[in-house]
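> Below is the structure I would like to discuss, written out as structure tokens.
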Amino acid sequence: MRVLLVEDDPMIGEAVSVALKDAAYAVDWVTDGAIASNVLRHREHQAVLLDLGLPKRDGLEVLRHLRQSGNAVPVIVITARDGIDERIKGLDIGADDYLVKPFDVNELLARLRAVVRRQGGQAAPVLSNGKVSLDPATKEARCGNIVEVLSAREFALLHALLLRPGAILSRAELEERIYGWNEEVESNAVDFLIHGVRKKLGADVIKNVRGAGWRVDAA
Ligand code: CA
């Protein structure tokens, strides 16, 4: 899962990036609102963490433009403690949730899981296609009697596929969801991760669709 972090405070930005990466997200971090709006046009991200007080373009403006362009990506607004009017405004123009600084990173991760889940039309915390299930809070995957904890990237791969059971994701689409901009991606990285997941959960958990990509069975 690829997250865009928009935050101009270097300390907070660094801390949040590290926490997200530790939790198996691919993170792209930008520090001003104008760049954020540009990047968001490409629709590469599955969630956005948006500070409001930003150089070049205010976070509320970024959000307004985003929603006006018809982009429904989940957005969590990050605000200062005294910014209650801004928070209300943010929610009114299309934020999905908000966090008040200073916040606990674990709370951020829980809120992120929740907005992504709702976006995928799934109210239950565990993703499943009826055959294999994945708990984003613990990184635990289950298939029949098998229970395994996946590595961060194996998790990211299976998560991307289970968000839309039955849909085929190409190599490029999977890479985009697993790796950030500044990460080197080996040409066989996806194959390696798929091999790892199959080894843990069984060979038919992820299906290969020749020439197109991979999918998990439809629910
Ligand atoms: Ca700021």
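> Counting DSSP beta bridges with both partners in the chain, what percentage is antiparallel, nearest 5?
Within the chain, antiparallel bridges account for around 45 percent of the total.
> Size of the stretch 64-218 along its principal axes in angstrom, Cα-based, largest extent first?
Ordered largest first, the stretch 64-218 gives principal extents of 52, 32, 29 Å.
> Enumerate the calculated ³J(HN,Hα) couplings along the stretch 171-178 in order (Karplus 6.51 cos²θ - 1.76 cosθ + 1.60, θ = phi - 60°), each rounded to whole Hz, writing x wherever the residue is Gly or Pro.
Coupling constants for the stretch 171-178: 4, 5, 5, 5, 4, 4, 7, 9 Hz.
> Moving to a separate point now. Would you grab the residues whose amide H sits under 5 Å from the one on Trp29? Only those 5+ places off in sequence or on another chain, please, with H modelled 1.01 Å from N.
For Trp29, whose amide H was placed from the backbone, the distant partners under 5 Å are Leu5.
> Might you report the magnitude of the Cβ-based charge dipole of the stretch 2-119 about its Cα centre, with Lys and Arg at +1 and Asp and Glu at -1, to the nearest 20 debye?
Once rounded to the nearest 20, the dipole reads 520 debye.
> Using Cα atoms only, what is the angle between the long axis of helix 105-119 and the major principal axis of the chain, expressed in degrees (0 to 90) to the nearest 10?
Helix 105-119 sits roughly 70 degrees off the main axis of the chain.
> Set the bar at 23 Å for Cα to Cα. Now go through Lys21/Lys139; Lys21/Lys207; Lys139/Lys200; Lys21/Lys101 and name every pair that lies beyond it.
Too far apart for the 23 Å limit: Lys21/Lys207.
> Any idea of Phe103's accessible area? Nearest 10 Å², probe 1.4 Å.
40 Å²
> Once Lys and Arg get +1 and Asp and Glu get -1 on their Cβ, which of Leu63, Ala219, Leu158 lies farthest toward the positive end of the dipole of the chain?
Farthest towards the positive end: Ala219.
> If R₀ is 35 angstrom, what is the calculated FRET efficiency for the pair Ile168 and Glu107, using the beta carbon separation as r and rounding to 0.05?
The formula returns an efficiency of 0.50 here.
> Could you go through the stretch 65-72 in sequence order and give the Karplus-derived ³J(HN,Hα) for each residue, using 6.51 cos²θ - 1.76 cosθ + 1.60 with θ = phi - 60°, rounded to whole Hz, and x for Gly and Pro?
Computed from phi, the couplings for the stretch 65-72 are 4, 4, 5, 5, 7, x, 8, 9 Hz.
> What is the local net charge at Ala124, summed over the other residues whose Cβ is closer than 12 Å to its Cβ (Lys, Arg +1; Asp, Glu -1)?
+2
> ³J(HN,Hα) across the stretch 91-103 via Karplus (A = 6.51, B = -1.76, C = 1.60, θ = phi - 60°), whole Hz, x for Gly/Pro?
5, 5, 9, x, 6, 8, 6, 9, 10, 9, 6, x, 10
> So, one more: Tell me which residues come under 5 Å, amide H to amide H, from Leu99 once H is placed; ignore anything under 5 positions away on its chain.
Those qualifying (amide H under 5 Å, at least 5 residues apart or on another chain) are Val77, Ile78, Thr79.
> Right, next: Show me the ranking of peptides 72-80, 46-54 by mean Cβ neighbours inside 10 Å, starting with the highest.
46-54, 72-80
> Between Gln68 and Ile35, what is the spin-label point distance in nm, taking each point 7 Å from the Cα along the Cα→C-beta axis?
2.3 nm
The values are calculated or read from the model by the stated rules, or taken from the named source; none is laboratory data. Keep in mind the model is a prediction, meaning the values are calculated, not measured. Don't worry about glycine lacking a Cβ; one is built from the backbone with ideal geometry, like all the others, and counts go over all protein chains shown. Protein only, heavy atoms only, side chains kept; ligands, DNA and RNA dropped before computing areas. Shrake-Rupley method; radii C 1.70, N 1.55, O 1.52, S 1.80 Å.
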